[in-house]
Amino acid sequence: MPITSADRSRFLLAAAALGAVLALGFAFILSYVAALHDPRPHELPVAVAGPPRAVAEVQRALGAGRTFEVLPRTDERAARAALDSRDAYGALVLRTGGTDRLLLADAAGPNATALVEQAARRLAARQGRRLEVAHVHPLQPGDFRGLSSFYAVVGWAFAGYVAAIVLAFVTGPSSLSAPRAGLRLLGLAIYAIAAGLLGAIAVGPILGAIDGHFWALWGIGAFTTMAAAAATAALQAAVGLAGTFVALLAFVVVGNPSAGGVFPPELMPGFFRAVGAWLPNGAGFEALRNLVYFDGAALGRPLGVLGGYVGVAALVLGAVALVRERPPRLRVGLQTD
């Protein structure tokens, strides 16, 4: 049976599609392993309070090699405030009686606080001082090492970009008019509210992974889902099918490992440390953690990032719709003349 030109075209299309998927799988493995295979602390912030000379000595000891960033504080209350405001992972309080106190905010990142505790214990042993450790802002029992919070956000982001992908296949990736662009955003918003609700029910009432904070879970879930969905829809409208691959690269290949579930940004390589907080996954995880464990401290940046994705996506969808509406009007005008 002879091979037709149509057969060759289908073969080339299938080969190109498989090649794209192969490249995506390679990027997936490369990104995850690169981000997580060799965690090393980089300027991990630690508040230190006590007599100026003692604080300076700790600063010289811990600040060597840029492993830790020492934040001098006047007293224990100020050091504790650095934990409450998400400025530090640990707070070392130097006392005159020979017993120092270390406060650890485990909810900020247990792997980071473990490194802080190890360094503080080594320093105390070297100086012949005693160290008592107190865990503040602890993780809930069902949120082991923060992974329940992390995977909830990963699930919401996944729900967002998959919804946009499915919607594009059903209705076409392009919004051909401003009303359709608005309807697409409205549909995604309703979907995001439902996804946030279901995720909150799963994490809270069904599994009991996070006790309480139902409204916070619902809100952050809906916001994260909408950010990922709107951004994916905008990419698809602007560049077609390629936008789907860009969204997968950004939100799956790079976004998940850089979001800080297993390791906080200070333990990641430079690229992932730089981009993680600016993607919906990282912003959603940071917002959820700050709401649940830190009484809503430092919410401005993560909520601003999520809102930025939604706002920019709406502008892109509207602009694409207006551009694609313009050519038929111009043709009608030329025919009239």
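Annotations
- Scope segment 3-50; condition among the hydroxyl-bearing types (Ser, Thr, Tyr) and free of Cβ contacts under 8 Å to residues at least 12 places away in the same chain; matching residues: Thr4, Ser5, Ser9
- Matching residues in segment 294-328 - criterion: being open to solvent by 40 Å² or more (accessible area, probe 1.4 Å), not acidic (Asp, Glu) and not in a helix (DSSP H, G or I): Ala298
- Lone unmet requirement of (1) without any contact (Cβ under 8 Å) to a residue 24 or more places away in the chain; (2) part of a helix (DSSP H, G or I); (3) open to solvent by 70 Å² or more (accessible area, probe 1.4 Å) for Pro141: (2)
- Among residues of segment 193-204 that are without any contact (Cβ under 8 Å) to a residue 12 or more places away in the chain, none has a Cβ under 6 angstrom from a residue that is open to solvent by less than 50 Å² (accessible area, probe 1.4 Å) at a sequence gap of 6+ or on a separate chain.
- Of the listed requirements (1) crowded, with 20+ Cβ neighbours inside 10 Å; (2) within 22 Å of Ala242 (Cβ to Cβ), Ile210 misses just one: (2).
- Filtering segment 111-125 to residues that are touching a residue at least 60 places away in the same chain (Cβ under 8 Å) and either open to solvent by 30 Å² or more (accessible area, probe 1.4 Å) or under 22 Å from Leu217 (Cβ atoms) (or both) leaves Asn111, Leu115.
The values are calculated or read from the model by the stated rules, or taken from the named source; none is laboratory data. Being a predicted model, the structure only gives us computed values, none of them experimental. We place every Cβ from the backbone using ideal geometry, glycine too, and count neighbours over all the protein chains shown. These accessible areas exclude ligands, DNA and RNA; they are computed on the full protein's heavy atoms, side chains included. Shrake-Rupley method; radii C 1.70, N 1.55, O 1.52, S 1.80 Å.
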